[in-house]
Amino acid sequence: MSQLVVEQIVREFPTRAQPLRILDGASLSLSAGENVAILGPSGSGKSTLLHIIGTLDRPTSGSVRLGGEDPFRLGEAEQAAFRNRRIGLVFQDHHLLPQCSVLENVLIPTIASGATHPDDVARARTLLDRVGLAARLDHRPAELSGGERQRVAIARALIRQPELLLADEPTGNLDRSTAAEVAALLAELQAAEQTMMVVVTHSVELASHLQRRLELDRGQLRPADQ
Ligand code: ADP
Ligand code: MG
């Protein structure tokens, strides 16, 4: 059974004077099928924490285990493969490749692991159908709206059936009604795929779609009071 266990994460950034301690013992755990929102004001360390869980940054101390495995004990290449295979990431900005079509963008994570298999193409088509973009497979990102681009980014994050989906302000660049649609879609796909999901947001609307709400306060996670 897949599980995410994040224990006592500390992250300090060196400065000329005393190191800046942004995370100070943040802990959280999730089981298969569960999701959680992380709320907190700008600058509270939400992205820093999400990047550590996603192995894009290392903690000063503390541990992350996904399915019992600690990615920070892996070498660089193994860690990259771990991230590519087991974690899906969605950012505030879509990070799509402008020269690639919608279908190609969704397939990018499968190329990183070798040749694209026909099953991957079939899954990409299915996911794009589920996010409502079946008719836009050959379009370039510039030909899509902001909400549509974010839908492509969600499909790309799910293409390898990751155990863990991480999203950092995924609706932050969208207008209100588009943001609500994308939030509902994220929650729906996460439930259908039974992946674990951590969403960083300061949108109460987005957080309301999720099972649990935690707040990052002085470097630690605690239940959000709402
Ligand atoms: P949030 O996502 O909650 O807005 P961040 O995690 O981006 O917050 O940043 C939290 C704090 O950590 C901010 O004060 C930011 O300036 C600081 N910080 C983030 N990354 C670095 C870094 N590489 N070096 C120094 N300070 C950083
Ligand atoms: Mg942030």
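So here's what we get for this one:
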{"quantity": "Unmet criterion (only one of (1) in contact with a Leu (Cβ under 6 Å, 6 or more places away or on another chain); (2) within 10 Å of ligand 1 (Cβ to nearest atom); (3) open to solvent by 10 Å² or more (accessible area, probe 1.4 Å)) for Leu89", "calculated": "(2)"}
{"quantity": "Cross-chain or 6+ apart pairs with Cβ under 7 Å, the range 179-195 first and more than 13 Å from Ala155 (Cβ to Cβ), then part of a helix (DSSP H, G or I) and open to solvent by 30 Å² or more (accessible area, probe 1.4 Å)", "calculated": "Ala179/Glu205; Ala180/Glu205; Ala183/Glu205"}
{"quantity": "Test result for Ser208, crowded, with 20+ Cβ neighbours inside 10 Å and modelled with pLDDT under 95", "calculated": "no"}
{"quantity": "Within the range 20-53, tally of residues that are near ligand 2 (Cβ under 9 Å from one of its atoms) and either in contact with a Gly (Cβ under 7 Å, 6 or more places away or on another chain) or hydroxyl-bearing (Ser, Thr, Tyr) (or both)", "calculated": "6"}
{"quantity": "Any hit, the range 21-40, residues being of a type in the set (A, V, I, L, M, F, W, C) and more than 16 Å from ligand 1 (Cβ to nearest atom)", "calculated": "yes"}
{"quantity": "Filter result for Ser2 (buried (at least 17 other Cβ atoms within 10 Å of the Cβ) and of a type in the set (Gly, Ala, Ser))", "calculated": "yes"}
{"quantity": "Residues within the range 84-130 that are more than 25 Å from Glu148 (Cβ to Cβ) and modelled with pLDDT of 95 or more, tallied", "calculated": "1"}
{"quantity": "Of the criteria (1) near ligand 1 (Cβ under 9 Å from one of its atoms); (2) open to solvent by 70 Å² or more (accessible area, probe 1.4 Å), which one Gln18 fails", "calculated": "(1)"}
{"quantity": "Test: residue in the range 100-112 that is within 16 Å of ligand 1 (Cβ to nearest atom), closer than 19 Å to Asp168 by Cα and surrounded by 14 or more Cβ atoms within 10 Å (Cβ to Cβ)", "calculated": "no"}
{"quantity": "Enumeration of residues in the range 21-46 that are open to solvent by 40 Å² or more (accessible area, probe 1.4 Å), assigned to a loop (DSSP other than H, G, I, E, B) and either touching an Asp or Glu at 6+ places or on another chain (Cβ under 6 Å) or under 15 Å from Leu216 (Cβ atoms) (or both)", "calculated": "Pro41, Ser42, Gly43"}
{"quantity": "Sole residue being of a type outside the set (Lys, Arg), open to solvent by less than 60 Å² (accessible area, probe 1.4 Å) and touching a Phe, Trp or Tyr at 6+ places or on another chain (Cβ under 7 Å), chosen from Leu74, Leu96", "calculated": "Leu74"}
{"quantity": "Subset of the range 47-91 [of a type in the set (Val, Ile, Thr), under 18 Å from Met196 (Cβ atoms) and part of a helix (DSSP H, G or I)]", "calculated": "Ile52, Ile53"}
{"quantity": "For Ser63: the one exception among (1) within 16 Å of ligand 2 (Cβ to nearest atom); (2) over 24 Å from Asp225 (Cα atoms); (3) touching a residue at least 24 places away in the same chain (Cβ under 8 Å)", "calculated": "(1)"}
{"quantity": "Residue count for the range 148-163, restricted to those that are surrounded by fewer than 22 Cβ atoms within 10 Å (Cβ to Cβ) and within 10 Å of the chain's Cα centre (by Cα)", "calculated": "0"}
{"quantity": "Leu174 being farther than 22 Å from Leu56 by Cβ and crowded, with 18+ Cβ neighbours inside 10 Å", "calculated": "yes"}
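The values are calculated or read from the model by the stated rules, or taken from the named source; none is laboratory data. This is a predicted model, so every value here is computed, not measured. Please note: Cβ atoms are built from the backbone with ideal geometry, for glycine as well, and neighbour counts cover all protein chains shown. When the accessible area is computed, the model is the full protein with side chains, heavy atoms only, and any ligands, DNA or RNA have been set aside. Shrake-Rupley method; radii C 1.70, N 1.55, O 1.52, S 1.80 Å.
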